[in-house]
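Every number in this text was worked out from the coordinates using simple rules, so none of it is lab data. As the structure is a computational prediction, the values presented were derived from the model and not from experiment. When we count neighbours, we look across all protein chains shown, and the Cβ atoms used for this are built from the backbone with ideal geometry, even at glycine.
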Ligand SMILES: [Zn+2]
């Protein structure tokens, strides 16, 4: 992978991490809000609120997993092996890495593995 591509990828990851952290702080506050409001809401809206809280907790989990993945990518992006498919040792397409920087396999191997 050439340097400018790597730079571009770093920018993409940093930007995504920034957005993820904003999302995380939003969903962690909505995951909390329900507990505080529980006594003051009616039955139906409580069920609603519980469902919303579940969704908030799910997206919280998903977002923080993604955050961890991206942090890991950032930590080895300068490594020579970065962007190389773990299966066939061929470079992973830059376009693929732009969308999914945590990709460990090229599109061909990924398809075979799934
Ligand atoms: Zn491959």
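Whole number please: convex hull volume per residue, Cα atoms of the chain, in Å³.
Residue-normalised Cα hull volume stands at 108 Å³.
For n ≥ 4 DSSP H runs only, could you compute -39500 (n - 2.57) per run for the chain, divide by its residues and tell me the 222 nm figure to the nearest 500?
-25000 deg cm²/dmol
Give me the extension gain from residue 111 to residue 95: residue separation times 0.36 nm, minus the current Cα-Cα distance, reported in nm with one decimal.
Contour length minus the Cα-Cα distance gives 4.1 nm.
Viscosity 0.890 mPa s, temperature 25 °C: what is the translational diffusion coefficient of the range 41-80 from Stokes-Einstein with a Kirkwood Rh over Cα pairs, rounded to a whole number of µm²/s?
200 µm²/s
Order the peptides 102-111, 71-80 from the highest to the lowest mean number of other Cβ atoms within 10 Å of their residues.
Values: 102-111: 15.6, 71-80: 12.2.
Taking the mean over residues of other Cβ atoms within 10 Å, the ranking is 102-111, 71-80.
With a cut-off of 8 Å between alpha carbons and a minimum separation of six or more residues, what is the relative contact order of the range 25-114 in percent?
Normalised by residue count, the contact order of the range 25-114 is 21 percent.
Against the longest principal axis of the chain, how steep is helix 43-76, in degrees 0 to 90 to the nearest 10, with axes from Cα atoms?
The helix 43-76 is inclined about 20 degrees to the chain.
Go ahead and run the numbers for FRET between residue 14 and residue 52, Cβ-Cβ distance against an R0 of 35 Å, rounding to 0.05.
Efficiency at R0 = 35 Å is approximately 0.70.
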